[in-house]
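So the structure is just underneath, and the comments pick up after that.
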Amino acid sequence: MKIKVSNGLKFTGHAFWMGLLVLLIASFSPMPIYIFIAKYNWITVTITFVVYAAEVWLLYLVYQNYIGKNHVTITELKAPIGIRQLVIVVVGAVVMLALASCYTWLIDRGQLGQPENAHLIETMMGQHKFGMSLAAIVFGPMCEELIFRGFFLNSLLKNYQDQRSYQISAVIISSLLFGFLHSGSDWQALIYYSSLGAVLAVVYLKSGRDIRASISTHILSNLVILLLG
């Protein structure tokens, strides 16, 4: 019993401090878009995505370094993509799109309020459609998956990889943090975005910790949402 309590306290403390670190990193992750927001032309857009590409590469190096040092078993990038991964990606994207449709439907019916950041996002999309679309479809998902699923989720499970209760706790914590980053103080949006985060966490774990699967699911769902929006 004492061992379980001790492990629980260690897990909670680790989750708290790592959560603060991840929130700090994730908060700065979308900063490249402010390059083309300041002055929108092909030069600033190019610079933005060069910086974004460098950020993705840096996050991937951090992810690989952490995995290697802590001997975490993952699916490598060079591994062949199987039918299982493809099915998981499609199912995950369908679930995310279903959640997005329900959320939008409830907003349209007046059951839920508009997210606090909805107007800002619409304005930015209207003024910088190409740049914002590319960030939302490609670079944003890649950065967020490396941060939340690749790094944070694995860090929570570092010493508890095969224990179901800790896996569930890690999915919930990482999802709530993902939801908070996207919603702030809007609790309705927090529930929605946390649900999306939970789907992505499950996709990552069920695919054999294949970061390609969660990135693909995230990209696919964002792409469809933007096309239908």
### Message
Condition first: at pLDDT 95 or above and either over 14 Å from the mean Cα position of the chain (by Cα) or not in a helix (DSSP H, G or I) (or both). Now tell me which residues in the range 177-207 satisfy that.
### Response
I191, K206, S207
### Message
Filter the range 197-219 down to the residues that are hydrophobic (A, V, I, L, M, F, W, C) and buried (at least 22 other Cβ atoms within 10 Å of the Cβ) and list them by number.
### Response
V199, L200, A201, V203, I211, A213, I215
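Answer with yes or no whether S214 is under 19 Å from V90 (Cβ atoms), assigned to a helix (DSSP H, G or I) and among the polar types (S, T, N, Q). Reasoning before the result, please.
Details: under 19 Å from V90 (Cβ atoms): yes; assigned to a helix (DSSP H, G or I): yes; among the polar types (S, T, N, Q): yes.
Judged against the criteria, S214 is a match.
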### Task
Return only the number of the condition from (1) over 23 Å from T48 (Cα atoms); (2) free of Cβ contacts under 8 Å to residues at least 60 places away in the same chain that L227 does not satisfy.
(1)
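Residues L156, L146: which one is at pLDDT 95 or above and out of contact with any Pro (no Cβ under 8 Å at 6 or more places or on another chain)? Outline the logic, then answer.
Values: L156 fails: at pLDDT 95 or above.
Result: L146 is the single residue among L156, L146 that is at pLDDT 95 or above and out of contact with any Pro (no Cβ under 8 Å at 6 or more places or on another chain).
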### Task
Mind counting the residues in the range 58-79 that are over 14 Å from F151 (Cα atoms) and free of Cβ contacts under 8 Å to residues at least 40 places away in the same chain?
2
## Note on the structure
The one condition V138 fails out of (1) modelled with pLDDT of 95 or more; (2) surrounded by fewer than 15 Cβ atoms within 10 Å (Cβ to Cβ) is (2)
## Note on the structure
Residue set Y52, Y63; condition under 22 Å from S174 (Cα atoms) and buried (at least 16 other Cβ atoms within 10 Å of the Cβ); output residue Y63
### Message
Contact list please: Cβ distance under 9 Å, first residue in the range 113-126 and closer than 20 Å to I33 by Cα and in contact (Cβ under 8 Å) with a residue 60 or more places away in the chain, second residue among the polar types (S, T, N, Q) and loosely packed, with under 12 Cβ neighbours inside 10 Å, pairs at least six apart or on different chains.
### Response
E116/S185
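The values are calculated or read from the model by the stated rules, or taken from the named source; none is laboratory data. Just so we're clear, the structure is a prediction, and the values are computed from it rather than from any experiment. With ideal geometry, Cβ positions are generated from the backbone for all residues, glycine too; neighbour counts draw on all protein chains shown.
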